[in-house]
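One structure below.
The values are calculated or read from the model by the stated rules, or taken from the named source; none is laboratory data. The model shown is predicted, which means the values in this text are computed figures rather than measured ones. Glycine also receives a Cβ, built like all others from the backbone with ideal geometry; neighbour counts cover every protein chain displayed.
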């Protein structure tokens, strides 16, 4: 038998799965080949070592003591691992911080001039006078009416939302609002309004 054949049968020999004839030829080769004989001895020692380890018993607190001796991970490494594991949370947090920062800047940093956002501007359906934006009784505003740094007085119809940012919404008895009315006069309200507006823009096609 060649050394290659012996190598392929050595595990069957250790498991006692060789026939009588195969085992005889196997041992005959080992008697004449020191290399294969040495390989068999090393495998037998390894098997004996593994079998002896199966009888080893540890104390109940062995795992806790072992973990306590392991070097502590640095906080920076733990944080970096957490960021890699939760990329969506990190991205959402960064976005929220960016939104808050830009909202604070726009609240305090821009001028206080009256600003109007409405589809009705082109049709001259609105009256602007002394910091007030008026919706006359005989006018119909299609869509939202948003006024910043001013007050809104509605006597007509608004087929949308009416929002006063840094101002007030006043309704007469003839006013009809299809959507909601909202006053944003605090910084936190303004930040929340900006986040809601962005979310609405994202989900609305």
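Given (1) surrounded by fewer than 15 Cβ atoms within 10 Å (Cβ to Cβ); (2) in a helix (DSSP H, G or I); (3) at pLDDT below 70, where does residue 103 come up short, assuming only one miss?
Residue 103 satisfies all of (1) surrounded by fewer than 15 Cβ atoms within 10 Å (Cβ to Cβ); (2) in a helix (DSSP H, G or I); (3) at pLDDT below 70 except (1).
Which numbered condition trips up residue 17, out of (1) assigned to a helix (DSSP H, G or I); (2) modelled with pLDDT of 65 or more?
So the condition that residue 17 fails would be (1).
For every residue, the table says whether it meets (1) modelled with pLDDT of 70 or more; (2) assigned to a helix (DSSP H, G or I).
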{"position": "27", "(1), (2)": "yes, yes"}
{"position": "35", "(1), (2)": "yes, yes"}
{"position": "64", "(1), (2)": "yes, yes"}
{"position": "97", "(1), (2)": "yes, yes"}
{"position": "108", "(1), (2)": "no, yes"}
{"position": "120", "(1), (2)": "no, no"}
{"position": "125", "(1), (2)": "yes, no"}
